[in-house]
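Novice: There's a structure below that I have some questions on.
The values are calculated or read from the model by the stated rules, or taken from the named source; none is laboratory data. Keep in mind that this is a model prediction, so the values were computed, not measured. Heads up, the Cβs are rebuilt from the backbone with ideal geometry, glycines too, and the neighbour counts pull from every protein chain shown. Ligands, DNA and RNA are excluded from the accessible area calculation, which covers all protein heavy atoms including side chains. Shrake-Rupley method; radii C 1.70, N 1.55, O 1.52, S 1.80 Å.
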Amino acid sequence: MITTIKAARRIDSQSSSPAQVRETVSEIIAAVEAHGDAAVRAYSKKLDDWSPTSFRLSPEEIASCVASLSTQERSDIDFAQAQVRRFAEIQKSTLRDVEVETLPGVFLGHKNLPVQSVACYVPGGKYPLIASAHMGVVTASVAGVERIVAVAPPFNGRPNPAIVAAMHLGGAHEIYCVGGAHAVAGLAFGTSEILAVDMIVGPGNAYVAEAKRQLFGRVGIDLIAGPTETLIIADHTCDPEMAAADLLGQAEHGVNSPTIIVTTSRELANALPAEIERQLNVLPTAAIARLAWQDYGEIILCDTLEEMVSEGDRIASEHVQVLTEDPDYFLDRLKNFGALFLGARTNVSYGDKVIGTNHTLPTMRSARFTGGLWVGKFIKTCTYQRVTTDEASALIGEYCSRLCAMEGFAGHKEQADLRVRRFGRQLAEVVQ
């Protein structure tokens with residue numbers, strides 16, 4: 001039996017005014033489409049108090065940011081990017097061009113082609129999310145994207161040096177200090193200062209996510225990311241200290257971040273609230289994490305491993321941490337998750353920052369139908385066909401003609417019939 005020990009607010013009620021967000025973003029997009037740089041600058045001044053001579057950073061400004069890093073900071077960024085790059089290269093190696101002869105004289109194939117221009121958005125308003133630069137820019141670079149644009153809002157009134165350095169070291173060709181829905185719109189439409197891109201990736205706040213939603217189709221996107229989510233699946237081998245630390249480590253992202261634990265251990269379920277309170281009393285980000293746990297924290301008690309699998313797939317969380325005696329049991333059975341973290345020796349923070357898997361992941365149960373950002377998101381798999389013999393063209397043409405007639409497409413049918421007449425006749429002449 002599945003029992004809820006601590007309930008949470010409904011996840012679909014996390015946004016207090018979704019209509020207001022949609023309306024505001026719609027107004028921003030319309031303004032940027034109509035007025036270009038002037039609108040981008042006006043919103044940047046209004047929302048971020050930021051109106052530099054140019055949003056694009058000069059080579060000198062970028063070099064200054066890189067030079068401002070300590071030796072340790074530079075080394076840490078290099079290490080993290082090496083892990084992301086290594087795994088992206090391994091993923092890319094699984095994608096291959098193919099061409100096969102499916103019938104005599106009929107060749108079908110596909111080519112994997114990188115998107116030509118991509119913008120990688122890096123959040124930087126509340127926290128300077130340096131790792132998002134690795135996840136977007138490095139992965140796009142491995143994919144072979146020709147033009148990589150990196151954007152981030154100002155942090156404490158100026159470009160964040162570590163974010164800029166990570167963008168540059170990751171392979172960005174252009175770097176802009178501007179954020180929000182107005183930046184997303186500028187990248188989609190293009191302005192006199194910002195050349196439009198083909199695709200926009202990366203997480204952001206509710207306004208950035210809504211801008212990507214409204215502009216999808218005008219540009220490609222990776223996914224629409226909501227508040228960070230974490231789910232812990234635990235049994236009797238998990239102690240309250242680790243469970244609490246791993247829940248609060250994600251709760252600090254925002255006051256509307258769901259933090260859920262599903263467990264077969266009643267002892268753990270009963271001990272967890274007090275341990276969470278103990279850790280909140282010393283956590284520097286407790287002001288945020290406490291509200292997230294209070295409103296969106298959940299404790300679910302299950303009787304069996306099968307029930308935990310069922311709950312995990314129902315919740316379809318962005319991050320799923322498995323703290324059980326046999327983590328592989330869940331690796332083999334779970335179907336809906338953004339990323340899995342198996343065993344006590346790993347955790348979501350590793351994935352967020354450094355281990356090499358991508359941290360841009362599906363939220364709001366979209367793990368039911370999509371995975372997260374990976375090198376393949378920047379690559380288009382495009383098919384082609386080649387027919388090399390008269391016999392093959394006439395054969396396919398006869399089938400195509402009849403199928404077109406079934407659908408009532410006369411023009412399509414004539415395309416096929418022309419080949420049957422031309423290449424079938426030539427074949428008959430050869431036979432005679």
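Novice: Does residue 117 fit the bill of being closer than 22 Å to residue 219 by Cβ, open to solvent by 20 Å² or more (accessible area, probe 1.4 Å), among the hydroxyl-bearing types (Ser, Thr, Tyr) and in contact (Cβ under 8 Å) with a residue 12 or more places away in the chain? Explain how you work it out, then say what you get.
Specialist: Numbers: closer than 22 Å to residue 219 by Cβ: yes; open to solvent by 20 Å² or more (accessible area, probe 1.4 Å): no; among the hydroxyl-bearing types (Ser, Thr, Tyr): yes; in contact (Cβ under 8 Å) with a residue 12 or more places away in the chain: yes.
So residue 117 fails the test.
Novice: Scan the helices (runs of 4 or more DSSP H) fully inside the range 327-432 and keep the ones with 3 or more residues being of a type outside the set (Phe, Trp, Tyr) and surrounded by fewer than 16 Cβ atoms within 10 Å (Cβ to Cβ). First the steps, then the outcome.
Specialist: On the way: elements: 327-333, 348-353, 390-407, 410-431.
Here the list reads 327-333, 390-407, 410-431.
Novice: Separate question: Would you confirm whether any residue within the range 233-254 is at pLDDT below 95, under 30 Å from residue 310 (Cα atoms) and surrounded by fewer than 24 Cβ atoms within 10 Å (Cβ to Cβ)?
Specialist: yes
Novice: Output yes when any residue across the range 11-18 is within 30 Å of residue 299 (Cβ to Cβ), open to solvent by 90 Å² or more (accessible area, probe 1.4 Å) and not charged (D, E, K, R), and no when none is. Spell out the reasoning first.
Specialist: Filtering the range 11-18 for residues within 30 Å of residue 299 (Cβ to Cβ) gives 11-18.
Next, from what is left, pick out any that are open to solvent by 90 Å² or more (accessible area, probe 1.4 Å): 12, 16.
Narrowing the set further to residues that are not charged (D, E, K, R) leaves 16.
Looking for residues that are within 30 Å of residue 299 (Cβ to Cβ), open to solvent by 90 Å² or more (accessible area, probe 1.4 Å) and not charged (D, E, K, R), one finds at least one in the range 11-18, hence yes.
Novice: I need every pair where a residue in the range 60-80 that is within 18 Å of residue 131 (Cα to Cα) and in a helix (DSSP H, G or I) has its Cβ under 8 Å from the Cβ of a residue that is open to solvent by 80 Å² or more (accessible area, probe 1.4 Å) and modelled with pLDDT of 95 or more, sequence separation at least 6 or different chains.
Specialist: From the range 60-80, the pairs are 62/168; 65/168; 66/74; 66/168; 80/353.
Novice: Filter the range 207-222 for residues that are surrounded by fewer than 24 Cβ atoms within 10 Å (Cβ to Cβ), touching a residue at least 12 places away in the same chain (Cβ under 8 Å) and either part of a loop (DSSP other than H, G, I, E, B) or touching a Ser or Thr at 6+ places or on another chain (Cβ under 6 Å) (or both) and give the result.
Specialist: Matches in the range 207-222: 218 only.
Novice: Same structure again: From the list 87, 79, pick out the single residue that is open to solvent by 40 Å² or more (accessible area, probe 1.4 Å) and touching a Gly at 6+ places or on another chain (Cβ under 6 Å). Can you show your working first?
Specialist: Values: 79 fails: touching a Gly at 6+ places or on another chain (Cβ under 6 Å).
The match here is 87.
Novice: Mind checking which residues of the range 250-293 are of a type in the set (Ser, Thr, Tyr), over 22 Å from the mean Cα position of the chain (by Cα) and within 16 Å of residue 348 (Cβ to Cβ)? Full working, then the answer.
Specialist: Kept after step one, since they are of a type in the set (Ser, Thr, Tyr), are these residues of the range 250-293: 257, 259, 263-265, 285.
When the remaining residues are screened for being over 22 Å from the mean Cα position of the chain (by Cα), the result is 263-265, 285.
Residue satisfying the conditions is 285 alone.
Novice: Restricting to the range 30-40, name every residue that is part of a helix (DSSP H, G or I) and open to solvent by less than 60 Å² (accessible area, probe 1.4 Å).
Specialist: 30, 31, 32, 37, 39, 40
Novice: Count, please, the residues in the range 259-308 that happen to be buried (at least 21 other Cβ atoms within 10 Å of the Cβ) and assigned to a helix (DSSP H, G or I).
Specialist: Result for the range 259-308: 9.
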